[in-house]
Amino acid sequence: MASPESATALESVPASVISSRQAATPGPSTSLPHGGHLVIDLRSLMDPLSPSTSVSQPRAHQLDLPTTAHDPGRYLGPLGDLGTLDARENGEAFFSGVIQMLRVPDLIGRSIGVYETEDKSDPGITAAVLARSAGVGENYKKICTTIAAMSASVDFSCLRPPKFCKVSLSTFIEHASMIECFDKKSIDFMAKIISSSGQGEETYLPPSLHYIPPRTHQEDSIKELHMLLFPVMDDLLSKTKISPRDVDILIVNCSGFCSSPSLSSIIVNKYSMRADIKSFNLSGMGCSASAIGIHMASNLLQTYKNSYAVVLSTEILSTGWYAGNERPKLLLNCLFRMGSAAILLTNRKEAKESSKYKLLETVRTQRAFNDKAYFSAIREEDSKGITGFTLNQDLLQIAGETLRSHMAILGASILPLKEKIRHRLSILKRYINPSGDIYVPDFRSVIQHYCIPTSGKAVIREIGKGLKLNETEMEAAIMTLHRFGNQSSASMWYELAYIEAKERVKKGEKVWQLGLGSGPKCSSMVWECLKPIVDESKKGPWSDCIDRYPIIADKPYIN
């Protein structure tokens, strides 16, 4: 069956005859390859168990389209092959056939997938759902179509800031003590926080925060943005050998700084990108913003085929600097450091050979509906009118609740049936014995590598404990925190770069990137490695120090 850009008519026929016919010429977004030979597959809608993202398995196995991975309601399974059809030069196609043991009611609520190869090794061209039908020649129905395109990460780049931006723990405290706005109690508090945070002696702050007092004007923030995003964008374009004018979708995320023109417009202007580029700017989304940007890019790639999407993730620290003495607001000065990442995604078939990863699953959850959760991390003014970002004492509890509910939804999508059953049985037993523990599913049965929030050494270990991770599985997060600090939404890419530099990612293995941000929001991405990752230790942000890691322990700074 071929699908036009708006509608296709299906004629209801006697019990064993199936006919699919086009009502109009296909539009550019869903037309079939001219003169192509195609395979048709009929699918049934089934109860959701574990949505697959592969469309290349034999019909005896569960067979899903990637678009259904983002729909938690209903999932697709195989019913059988209908046969083949030939597309004309103009993209139109007609199919009719006789299928034994198939009744007209069997067609209702089914969908049809079209493939270019008989073994269905391609990701699928289109899919359509059949509505209720009437008698022969009566009550024609429209079939809404979606493109079934795979989102793949071709490559990514992470910034290694210049050496003159490095700041040791002792230097940070020394400079802070020279800034008149901080009293002695605030200096002592920041020294305690930073010495126990898990950061090392080689993290980075932007030049504007090396001044005494720090410079936090608009001009300084724009210069910081240039320093963060231009080099990492240049490196990504160089790595992937694409031109800025090849980019179809651009998404820039930065929580604390929102300029006008927007940050995405700054990038479009710098690189003279096309007039028809789809550009977006995400602000206020916290440390989960990069995963949200990838989720957004993936959804856009389902609509715009043969496209490249670039996601830029960073945080502008000069606008987040707090020059007051309220402790909940001083935490941000101590914890966040300089960094940025650029990621290239595509649905182009020719890029499959060069792509590193395939996006299997994205999940987003939040608890902003709850007042206590909403106010656990919020930007506001203090009693003297100084703006800062408040991290309240119950933040860790809220983060734990957010993460638990998020894991339940993600687990329903990717965990094997055995783990799901054990988890659900433990919940049922809780009704009988309220003091009983709820079984935490073992994600290690499907995930081999983890990039978890770098919000502090204690937070990393708590998340690792909840996920039953061992030291090696938490290593990327702990070492990224030590070497680069907490870089907000970009940290997960420095963690992945660390795992790659250690050459631990093998073909077919899964990587889970987890972002936890204000709102609070929790966002996950699960990737499948498409090829062995080698020789990354000689490039990227870890190239000058990967041999020194992992470190055993770091001594705290004592004032």
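Per residue, how large is the accessible surface of the stretch 449-542? Use a 1.4 angstrom probe and give square angstrom. Walk me through the numbers on the way to the answer.
Numbers: 2760 Å² over 94 residues.
On a per-residue basis, 29 Å².
Once both labels are modelled 7 Å past Cα along the beta-carbon direction, what's the residue 418-residue 179 spacing in nm?
Going from the residue 418 label point to the residue 179 one covers 5.3 nm.
Ignoring solvent entirely, what values of log10 I(q)/I(0) come out of the Debye formula for the stretch 153-548 at 0.14 Å⁻¹ when each Cα is a single scatterer?
Each listed q maps to, in turn, -1.28.
Would you tally the net charge around residue 265, using a Cβ to Cβ cut-off of less than 14 Å, leaving residue 265 out, and scoring K and R as +1, D and E as -1?
+3
Roll a 1.4 Å probe over the protein chains and send me the accessible area per residue for the stretch 267-423 in Å².
Values: 6540 Å² over 157 residues.
Result: 42 Å² of accessible area for each residue.
Quickly work out the residue 299-to-residue 165 label distance, labels modelled 7 Å from Cα along the C-beta direction, and quote it in nm with one decimal.
Distance between the two pseudo-spin positions: 3.1 nm.
Using a cut-off of 10 Å between beta-carbons, work out the net charge of the residues near residue 501 (Lys and Arg +1, Asp and Glu -1, residue 501 not included).
-1
Pairs to check: 192/521; 305/510; 278/521; 349/418; 192/465; 305/507. Give those whose C-alpha atoms are more than 31 Å from each other in this structure.
Pairs exceeding the cut-off: 349/418.
Once you have the Cα-Cα distance between residue 408 and residue 428, take 0.36 nm times their residue separation minus that, and quote the gain in nm to one decimal.
5.7 nm is the gain from fully extending residue 408 to residue 428.
Given a Förster distance of 25 angstrom, what is the FRET efficiency for residue 283 paired with residue 326, based on the Cβ-Cβ distance and rounded to 0.05?
E(calc), rounded to 0.05, equals 0.60.
What share of the DSSP beta bridges in the stretch 153-548 is antiparallel, in percent to the nearest 5?
75
Could you give the length gained by full extension between residue 545 and residue 472, i.e. 0.36 nm per residue of separation minus their alpha carbon distance, to one decimal place?
Numbers: separation 73, 0.36 × 73 = 26.28 nm, distance 1.81 nm.
Taking 0.36 nm per residue and subtracting the Cα distance, the gain is 24.5 nm.
Could you give the nm distance between label points at residue 230 and residue 269, where each point is 7 Å from its Cα heading toward the beta carbon?
1.3
Report the extension gain between residue 439 and residue 306 in nm, rounded to one decimal, defined as 0.36 nm multiplied by the number of residues separating them, less their alpha carbon distance.
Values: separation 133, 0.36 × 133 = 47.88 nm, distance 4.34 nm.
The span from residue 439 to residue 306 would gain 43.5 nm if fully extended.
If I compute solvent accessible area with a 1.4 Å probe over the protein chains, what percent of it on the stretch 382-434 is carbon and sulfur?
Working: 2090 of 3350 Å².
Of the solvent-accessible surface of the stretch 382-434, carbon and sulfur hold 62 percent.
For the stretch 204-291, what's the relative contact order in percent, using C-alpha pairs closer than 8 Å and at least 6 residues apart?
It comes to 27 percent, rounded to a whole number.
Using amide H atoms built 1.01 Å from N in the peptide plane, name the residues 5+ places from residue 360, or on other chains, whose amide H lies under 5 Å from its own.
The list, which skips near neighbours in sequence, is 526, 527, 528.
Using a Förster distance of 22 angstrom, determine the FRET efficiency expected from the C-beta separation of residue 211 and residue 262, and round it to 0.05.
On the way: r = 27 Å, r/R0 = 1.22.
After rounding, the FRET efficiency stands at 0.25.
If you average the C-alpha positions of the stretch 282-323 and of the stretch 332-364 separately, how far apart do those two centres end up, in angstrom?
Using only Cα atoms to place each centre, the spacing works out to 10 Å.
Count charges around residue 382 for me, please; just the other residues with Cβ under 12 Å from its Cβ, Lys/Arg as +1, Asp/Glu as -1.
+1
The values are calculated or read from the model by the stated rules, or taken from the named source; none is laboratory data. Since the model is a prediction, treat every value here as computed from it, not as a measurement. Cβ coordinates were reconstructed from backbone atoms using ideal geometry, including for glycine residues, and neighbour counts include every protein chain displayed. All accessible areas refer to the heavy atoms of the entire protein, side chains included, with ligands and DNA or RNA removed. Shrake-Rupley method; radii C 1.70, N 1.55, O 1.52, S 1.80 Å.
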